[in-house]
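Beneath this line is the structure, given in structure tokens, with notes to follow.
The values are calculated or read from the model by the stated rules, or taken from the named source; none is laboratory data. All figures in this text were calculated on a predicted structure; none of them were measured in a lab. Here the Cβ positions follow ideal geometry from the backbone for every residue, glycine too, while neighbour counts run over all protein chains shown. Quick note on the areas: whole protein, heavy atoms, side chains included, nothing else; ligands and nucleic acids left out. Shrake-Rupley method; radii C 1.70, N 1.55, O 1.52, S 1.80 Å.
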Amino acid sequence: MSGGHLIGSFLEMMSAERGAAANTIEAYRRDLTHYAAFVSAQHQTLLNATRDTVTAWLDDLKTEGLSASSSARRLSAIRQFHKFLCADGIRSDDPTRIVASPKSRRALPKVLSLAEVDRLLTLAETEANTPASPQKQIAAQRLYVLLEMLYATGLRVSELVSLKRAAVMRDAAFITVTGKGNKDRVVPMNDRARDAVRFWIGTLEPGLFLFPAKGEDGHLNRQVFARDLKALAARAGISTARVAPHVLRHAFASHLLAGGADLRVVQMLLGHADISTTQIYTHVLDEKLRKLVESHHPLANG
């Protein structure tokens, strides 16, 4: 049976037995026709194509610039086709059985440099200490405290803006955070953040939240914080597209790892349930290891 007839039989089965939609059938037809042409170019047929041919086809898709997700979708069609051939006894083996599906790499988080974070904090502190109208003064002081705390603790923005005053422990040296899944964690604060929080608390009227607001939630809206942070970035000469509260969280994690912190410690501080989530930051460790080898390996400069 020719390749075209095999593909046609498979598509008939997908339509009649599985009720595949017309556009799905057409997508399968395109993928299988492309695959069959590649197999033919390797002087093989759909009945004797090998695992190496399938992997070579995937490599060819990558060379053509196809994304990992698109290649994985095409491979899925080829898998179903070969399972069909095996199920109908047309072929005894499945060359796709142990072929790994292409995986998309998670995008690396945007991270500000130490110098850029310092520019933000320095400007925020200067503005917090510059005389202004009561409303502007409070807003500037609040933004400075938020930034100091965010960079010192790596909290999620939702955790930060909703902090209760009771969360501040031991003379503001630690805070108790209720994260995802209502799990509590204790996070230390550095001296700058501690001093900023202690001063801020001293300016507040009695109340529940560390960053109170008049809205329904009773605390600062995360969008308001994000807006104020972008405005500060613009005044500091940093592209607003690169700055958001979660970027400061990423900077906290990346800068800690670059400074030698253990990955599991960073996992705990960030409140990640699984270390695989924290491992997105291992690009920092990879770069650190590369520089270490270049600096210390006896043949590195040979």
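If amide H atoms are built 1.01 Å from N in the plane of the peptide, which residues on other chains or at least 5 residues away come under 5 Å of the amide H of residue 20?
15
State, in angstrom, two size descriptors of the range 178-289 derived from its alpha carbons: Rg to one decimal place and Dmax to the nearest whole number.
16.6, 50
Could you state the accessible area per residue of the chain in Å², with a 1.4 Å probe and every protein chain left in place?
Counting only protein heavy atoms, the per-residue value for the chain is 56 Å².
Can you tell me the relative contact order of the range 27-81? Whole percent, Cα pairs under 8 Å, sequence separation 6 or more.
Relative contact order, the range 27-81: 42 percent.
Between the range 47-67 and the range 1-35, what is the separation of their alpha carbon centroids in Å?
The range 47-67 and the range 1-35 have Cα centres separated by 19 Å.
Check residue 169: other-chain or 5+ apart residues with amide H under 5 Å from its amide H, H built from backbone geometry?
174, 175, 176
Counting pairs of alpha carbon atoms under 8 Å apart in space and at least six apart in sequence, what relative contact order in percent does the chain give?
15 percent.
Give the angle, between 0 and 90 degrees and rounded to the nearest 10, that separates the Cα long axis of helix 114-128 from the longest principal axis of the Cα atoms of the chain.
40
Hey, what number do you get for the chain at 222 nm if only DSSP H runs of n ≥ 4 count, each worth -39500 (n - 2.57), divided across all residues, to the nearest 500?
Mean residue ellipticity at 222 nm (helix-derived): -18500 deg cm²/dmol.
Let me check I have the definition right: for the range 5-87, take the eigenvalues of the Cα gyration tensor, multiply each by 5, take square roots. What are those semi-axes in whole Å, largest first?
After scaling each eigenvalue by five and taking roots: 21, 16, 10 Å.
Quote the FRET efficiency, to the nearest 0.05, computed for residue 176 versus residue 23 with a Förster distance R0 of 41 Å and r equal to the Cβ-Cβ distance.
0.20
List, in order, the whole-Hz ³J(HN,Hα) value for each residue of the range 49-54 obtained from phi through the Karplus relation with A = 6.51, B = -1.76, C = 1.60 and θ = phi - 60°; use x for Gly and Pro.
Running phi through 6.51 cos²θ - 1.76 cosθ + 1.60 with θ = phi - 60° gives 4, 9, 4, 4, 5, 5 Hz.
Label points 7 Å out from Cα along the Cβ direction at residue 12 and residue 241: separation in nm?
Computed distance between label sites residue 12 and residue 241 equals 5.3 nm.
Using the Karplus equation 6.51 cos²θ - 1.76 cosθ + 1.60 (θ = phi - 60°), what ³J(HN,Hα) coupling, rounded to whole Hz, does each residue of the range 64-77 give in order, writing x for Gly and Pro?
6, x, 5, 5, 4, 5, 5, 5, 5, 5, 5, 4, 4, 5
How large is ³J(HN,Hα), in whole Hz, for each residue of the range 33-38 in order, when computed from phi with the Karplus curve 6.51 cos²θ - 1.76 cosθ + 1.60 and θ = phi - 60°, using x for Gly and Pro?
Those phi angles translate into 5, 5, 4, 4, 5, 5 Hz.
Relative to the present Cα-Cα distance, how much length would full extension add between residue 60 and residue 5 at 0.36 nm per residue of separation?
Working: separation 55, 0.36 × 55 = 19.80 nm, distance 2.47 nm.
That works out to 17.3 nm of additional length.
Taking the Cβ-Cβ separation of residue 132 and residue 158 as r and a Förster radius of 35 Å, what is the calculated FRET efficiency to the nearest 0.05?
Computed FRET efficiency for residue 132 and residue 158 comes out at 0.75.
Specify the inter-centroid distance of the range 72-149 and the range 163-181, based on alpha-carbon positions, in whole Å.
27
List the residues whose amide H sits under 5 Å from the amide H of residue 209, counting only those 5 or more places along or on another chain, with H placed 1.01 Å from N in the peptide plane.
Distant-sequence amide H within range of residue 209: 165.
What is the range 55-126's relative contact order, in percent, from Cα pairs under 8 angstrom and six or more apart in sequence?
Values: 30 pairs, mean separation 20.9, N = 72.
After rounding, I find 29 percent.
Give the share of C-alpha pairs in each 20 angstrom bin for the chain, from 0 to the last occupied bin, in whole percents, shortest bins first.
26, 34, 29, 11, 0
Can you give the local net charge around residue 93? Use residues other than it whose beta-carbon is closer than 12 angstrom to its beta-carbon, Lys and Arg +1, Asp and Glu -1.
Numbers: positive: 51, 83, 91, 97; negative: 94.
My count for the surroundings of residue 93 gives +3.
Straight-line reach from residue 214: which aspartates and glutamates have a Cα under 14 Å away, not including same-chain ones fewer than 8 places off?
205
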